[in-house]
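Some notes on the structure that comes next.
The values are calculated or read from the model by the stated rules, or taken from the named source; none is laboratory data. None of the values given here were measured: they were computed from a predicted structure. Every residue, glycine among them, receives a Cβ derived from its backbone with ideal geometry; neighbour counts consider all protein chains shown. Areas reflect the complete protein model, heavy atoms only, side chains present, ligands, DNA and RNA absent. Shrake-Rupley method; radii C 1.70, N 1.55, O 1.52, S 1.80 Å.
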Amino acid sequence: YSFKGASIAEFPLTEYLTSVAIGAFKECTKVKKLELPLSITTLEDNAFEACEGLEGTITLPKSLTRMGNYVFNRCSNITEINFECAKLTSLGERVFSNCSNLTKVELPEFINSIGNNCFSFCINVFPL
């Protein structure tokens, strides 16, 4: 929970970062944009949960291999998820739940497991 609730304007993600820890940026509501570095392999549980200022498209880079639970839960202004990550095969529980403005998600073929309530309360995105 390194920056939990911090009043930061951007996420301090370096080009060499491989993992975002549990709850690292939870409730950082002022950040509007997220650009994950191409080096990232893991997004732990609650990494960006309740970052309600995040808006637009979230691109999951090719290097990503693991996403925990609740990673983007309650990020209500995200509108699209772009899966570039061919090595990611599963999504945890409630990863995108309560993303009420999410309108575009195209799940790639390589996703073979979706956790409980992964897209619950994403009222504008169905059918997947």
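Residues of segment 34-42 include none that is more than 20 Å from residue 116 (Cα to Cα), among the hydroxyl-bearing types (Ser, Thr, Tyr) and within 12 Å of the chain's Cα centre (by Cα). Being open to solvent by 50 Å² or more (accessible area, probe 1.4 Å), of a type outside the set (A, V, I, L, M), in a loop (DSSP other than H, G, I, E, B) and closer than 24 Å to residue 107 by Cβ is true of residue 70.
Note on segment 99-112: residues that are open to solvent by less than 50 Å² (accessible area, probe 1.4 Å) and either in contact with a Leu (Cβ under 8 Å, 6 or more places away or on another chain) or of a type outside the set (Ser, Thr, Tyr) (or both) amount to 5.
For segment 105-118, how many residues meet the condition of being farther than 18 Å from residue 64 by Cβ and touching a Ser or Thr at 6+ places or on another chain (Cβ under 7 Å)?
Adding up the residues that qualify gives 1.
For the structure I just gave you, tell me whether residue 81 is open to solvent by 20 Å² or more (accessible area, probe 1.4 Å) and either touching a helix residue (DSSP H, G or I) at 6+ places or on another chain (Cβ under 6 Å) or at pLDDT 90 or above (or both). Criteria not met by residue 81.
The condition of being open to solvent by 10 Å² or more (accessible area, probe 1.4 Å), modelled with pLDDT under 95 and either not aliphatic (A, V, I, L, M) or not in a strand (DSSP E or B) (or both) holds for residue 35. Exactly one residue among 30, 87, 26 is basic (Lys, Arg), open to solvent by 10 Å² or more (accessible area, probe 1.4 Å), assigned to a loop (DSSP other than H, G, I, E, B) and closer than 23 Å to residue 120 by Cα, and that residue is 26.
Scanning segment 82-106 for residues that are among the hydrophobic types (A, V, I, L, M, F, W, C) and within 14 Å of the chain's Cα centre (by Cα) yields 83, 85, 88, 91, 95, 96, 99, 102, 105. Considering only residues in segment 1-20 that are modelled with pLDDT under 95 and among the small types (Gly, Ala, Ser), the one that is least open to solvent (accessible area, probe 1.4 Å) turns out to be 6.
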